[in-house]
């Protein structure tokens, strides 16, 4: 019986060591920024940097609209690379974002080791005003 235990334990050990997932390693770059919506700092907004190749980084804006990115897995910062930037309202947000801002990326940015990685987003939640047809026809006649 003791002979069987001696054989089973090393074999079991080989299986257990092969089952663990290896977690990729990323060098994190500090990333800070600010979010202005309709000319005012927006607080309580989640700013997310989403990448196809690395972990998603996020930050929540404070009362002055400032945020610092972090990841759940790797801590403060974001890995170097290209990102699409998304914004979402939280329950404590100072404003409610319209679907035009929260349903699609608001920008694309690059995070780099040799850069300041300070991003400022100035968004408009209102649709652009349509030109006045009377003004357009006057200017078209002048050309």
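Once the piece of chain linking residue 115 and residue 48 is laid out straight, how much longer is it, given 0.36 nm per residue of separation minus the C-alpha distance between them?
Values: separation 67, 0.36 × 67 = 24.12 nm, distance 1.90 nm.
Between residue 115 and residue 48, full extension yields 22.2 nm more.
Under a point spin-label approximation (7 Å from Cα along Cα-to-Cβ), what is the residue 102-residue 82 distance to one decimal in nm?
Label-label distance for residue 102 and residue 82, simple model: 2.8 nm.
Determine the shape class of segment 28-123: with a ≥ b ≥ c the square roots of the Cα gyration tensor eigenvalues, call it rounded for a/c under 1.5, and otherwise prolate if a/b is greater than b/c, oblate otherwise. The partial results should precede the final answer.
Values: a/c = 1.72, a/b = 1.61, b/c = 1.07.
Cα axes put segment 28-123 in the prolate bin.
Laboratory data are not the source of any read-out in this text; all were calculated from the coordinates shown. As the structure is a prediction and not an experimental result, all values here were calculated from the model. In this analysis, Cβ positions are derived from the backbone assuming ideal geometry, glycine residues included, and neighbour counts consider all displayed protein chains.
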